[in-house]
Amino acid sequence: MAEEVVKFKVTIDGIPVEVEPGTTILNAARQIGGDIVPPAMCYYSKLEGTGGKCRTCLVKVSKGSEKDPRPMPKLVASCRTTVMDGMEVQNITSPDVVEARKGVVEMLLINHPLDCPVCDQAGECKLQDLGYEHGDEGTRYEFERRTFERIDIGDKIQLHMNRCILCYRCVFVANQLTDEREHGVLNRGDHSEISTFIHKALNHDFVGNVIDVCPVGALTDKTFRFKNRVWFTKPVDAHRDCPTCAGKVTLWYKGDEVLRVTGRKDEYGEVEEFICNTCRFETKHTSDWTLEEPTPVDHESVIGANHYLNFNPPSVIHEDKKLQLANEEQLARTERLK
Amino acid sequence: MQSLSNRKKVIEQKPMNIWERMYLPAIAKGLSITLRHFFKKIPTIKYPEEIRPYSKNFRGQHSLKRDEQGRERCTACGLCALSCPAEAITMTAAERQKGEENLYREEKYAAVYEINMLRCIFCGLCEEACPKEAIYLDGPHVTAEYLRRDFIYGKDKLVEPKFDITKLNKENA
């Protein structure tokens, strides 16, 4: 007789869901989906060991389990707390959680510069969304923000340590995808910073993924630097036969030009599959790719501002050769008169 | 067909009588109306020399502002272009090089900034969207041109001239 699969019943904001034992509260909430999913800055489902650093996913456990119904004494990080049978969790229904999250956002923004107009991540930045949803307009911090010089990590990636919120995702990428770790966190506490040892260039096929996993604009694509704003480019799903990776990417078009290549991101901003550096930096022509379809964009996202449904939208004006000729003639005549 | 409003008048055309055929009385009548208007108050003004008082929130031609040190404020964030309902604004960003710190305020600046004045509806949303207080619609009316392409205003027309306080003192002295 097959062993019966034990499932834990959890209630998150009054919505019951049955999940496997060992699932975290965050993942249980993601199985329900919608507004009740706690935001996460440092947790990344595709990377092992992430989470527990940013504290934005704090939730209140109002009932520990069926056997021990006492509530947990403090708010818990939902990305690191596994569910128990009969657990009751409050996320957006609890004023405590909303208030705590507001404090966390304020804390994350203490050293974060307000350079969104310059930052290339603006428009797809998780911290921007979080600040917009939960944060205050002003800050109570009166001291100078810590500042760093920009660092070029290799010729394709740029590190703005000013913007870093120390989520450690990029460190986990380097640990788990590359053979040899070349960058990490130096110093401790308020002084900690992401760095390579003596500005050593990162050289690995998959190291470009640190750009994708970075929730803020700390690690950005140098080939896309200041090229265009994210919301003026159009994402299109595409694939190619790549010997090193799966080759499934999102191309960001401006007109006929591919400005940027990233991994395909899901609704939580996490890539589905990591892509290699050749796909990301070298192949920026439409001829390199097989186009699939425009990437579905959340209708509340600023990227959907220039909405479109097909690759080649029908032209607004009928092409009239006679009219074009006449216009050219007219222009030539007025030019002569000048 | 019967008229819907019942106010239709049917005009009868008759040959002119002797009084009408003389013409001169009608001309005299017309001239007297013209003469009477010479002594009336003129409702129009001579525009470029004379300007009517403008409303405080009048929105005219855009100008790209400089900060107190004469550096361009615009950082090419694209929010004006995003907010523009007429899609009149386009821009290309560039990175500030070393030695250009006195020209541009931020590390990114607009190398090309164009507003199509034929498209612009002067709604002022760009002004409202700007996080850097760089664009204001505080200029005069946009002038007429002969060619459509002359309505695309570049940075040469939009960026406000540098304000030189030393020159101002000389002029006043």
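The values are calculated or read from the model by the stated rules, or taken from the named source; none is laboratory data. Treat the numbers as computed from the prediction; the structure is a model and nothing was measured. Reconstructed Cβ throughout: ideal geometry from the backbone, glycine too, with neighbour counts over all protein chains shown. With ligands, DNA and RNA removed, areas are computed over all heavy atoms of the protein, side chains included. Shrake-Rupley method; radii C 1.70, N 1.55, O 1.52, S 1.80 Å.
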### Task
State the number of residues belonging to region A:253-267 that are out of contact with any strand residue (DSSP E or B) (no Cβ under 7 Å at 6 or more places or on another chain) and within 14 Å of chain B (Cβ to nearest Cβ).
3
### Meets criteria (exposed (fewer than 11 other Cβ atoms within 10 Å of the Cβ) and away from chain A (no Cβ under 14 Å)) for residue B:156
yes
### Query
Is it fair to say residue B:127 is of a type in the set (D, E, K, R) and closer than 13 Å to residue B:61 by Cβ?
yes
#### Entry: Positions within region A:245-269 being closer than 24 Å to residue A:154 by Cα and either of a type in the set (A, V, I, L, M) or within 12 Å of the chain's Cα centre (by Cα) (or both), in sequence order
A:246, A:249, A:251, A:258, A:259, A:261, A:262, A:263, A:264
### Message
So for region A:93-105 (the condition being farther than 18 Å from residue A:15 by Cβ and part of a loop (DSSP other than H, G, I, E, B)), does at least one residue qualify?
### Response
no
### Query
Any residue in region A:60-80 that is touching a residue at least 60 places away in the same chain (Cβ under 8 Å) and of a type outside the set (Lys, Arg)?
no
### Query
For region B:65-116, which residues satisfy the criterion of being over 19 Å from the mean Cα position of the chain (by Cα), within 17 Å of residue B:161 (Cβ to Cβ) and of a type in the set (Ser, Thr, Tyr)?
B:104
### Query
Which of the residues that make up region A:147-189 are surrounded by fewer than 12 Cβ atoms within 10 Å (Cβ to Cβ) and modelled with pLDDT under 75?
A:179, A:180, A:187, A:188, A:189
### Query
If you check residue A:275 against the conditions, is it closer than 19 Å to residue A:212 by Cα and more than 14 Å from chain B (Cβ to nearest Cβ)?
yes
### Query
Could you say which residue among A:124, A:88, A:48 is touching a residue at least 24 places away in the same chain (Cβ under 8 Å), acidic (Asp, Glu), assigned by TED's automatic domain parsing to the domain that holds residue A:17 and surrounded by 15 or more Cβ atoms within 10 Å (Cβ to Cβ)?
A:88
### Query
Looking only at region B:100-144, which residues are over 21 Å from residue A:229 (Cβ atoms), open to solvent by less than 30 Å² (accessible area, probe 1.4 Å) and touching a strand residue (DSSP E or B) at 6+ places or on another chain (Cβ under 7 Å)?
B:117, B:139
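Yes/no matrix, rows are residues, columns are (1) within 27 Å of the chain's Cα centre (by Cα); (2) over 22 Å from residue A:272 (Cα atoms):
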position	(1), (2)
A:5	no, yes
A:13	yes, yes
A:47	yes, no
A:65	no, yes
A:80	yes, no
A:83	yes, yes
### Hey, residue A:323 surrounded by 11 or more Cβ atoms within 10 Å (Cβ to Cβ), within 14 Å of chain B (Cβ to nearest Cβ), free of Cβ contacts under 8 Å to residues at least 40 places away in the same chain and of a type outside the set (S, T, N, Q) or not
no
### Query
Could you give every pair whose Cβ atoms fall below 6 Å, whose first residue belongs to region A:227-252 and is within 14 Å of chain B (Cβ to nearest Cβ), and whose second residue is charged (D, E, K, R) and not in a strand (DSSP E or B), counting only separations of at least 6 or pairs across chains?
A:230/A:124
### Summary
Selection from region B:117-147 of residues within 14 Å of chain A (Cβ to nearest Cβ) and more than 15 Å from the chain's Cα centre (by Cα) yields B:125, B:126, B:129, B:130, B:131, B:132, B:133, B:134, B:135, B:146, B:147
### Task
State which residue is farthest from residue A:24 (Cα to Cα) when the search covers only region A:62-77 and only residues that are part of a loop (DSSP other than H, G, I, E, B) and open to solvent by less than 70 Å² (accessible area, probe 1.4 Å).
A:68
### Summary
Scanning region A:112-140 for residues that are over 20 Å from residue A:226 (Cα atoms) and in contact with an Asp or Glu (Cβ under 8 Å, 6 or more places away or on another chain) gives A:135, A:136, A:139, A:140
### Query
Residues of region A:326-338 being among the charged types (D, E, K, R) and open to solvent by 90 Å² or more (accessible area, probe 1.4 Å), which ones?
A:328, A:329, A:333, A:336, A:338
### Task
Would you be able to tell me the number of residues in region A:253-296 that are touching a Phe, Trp or Tyr at 6+ places or on another chain (Cβ under 7 Å) and charged (D, E, K, R)?
3
### Task
Just give me the residues in region A:288-306 being more than 23 Å from residue A:123 (Cβ to Cβ) and at pLDDT below 90, in sequence order.
A:288
### Task
State yes or no: is residue A:55 in contact with a strand residue (DSSP E or B) (Cβ under 7 Å, 6 or more places away or on another chain) and open to solvent by 80 Å² or more (accessible area, probe 1.4 Å)?
yes
### Task
List the strands (runs of 3 or more DSSP E) that sit entirely inside region A:235-338 and contain at least 1 residues that are small (Gly, Ala, Ser).
A:257-263
### Task
State the number of residues belonging to region B:68-85 that are over 17 Å from residue A:116 (Cα atoms) and at pLDDT 90 or above.
4
### Task
Evaluate the following for residue B:114: is it assigned to a helix (DSSP H, G or I), more than 14 Å from chain A (Cβ to nearest Cβ) and at pLDDT 90 or above?
no
### Task
Pick out the one residue from A:269, A:255, A:263 that is small (Gly, Ala, Ser), under 27 Å from residue B:75 (Cβ atoms) and at pLDDT 85 or above.
A:269
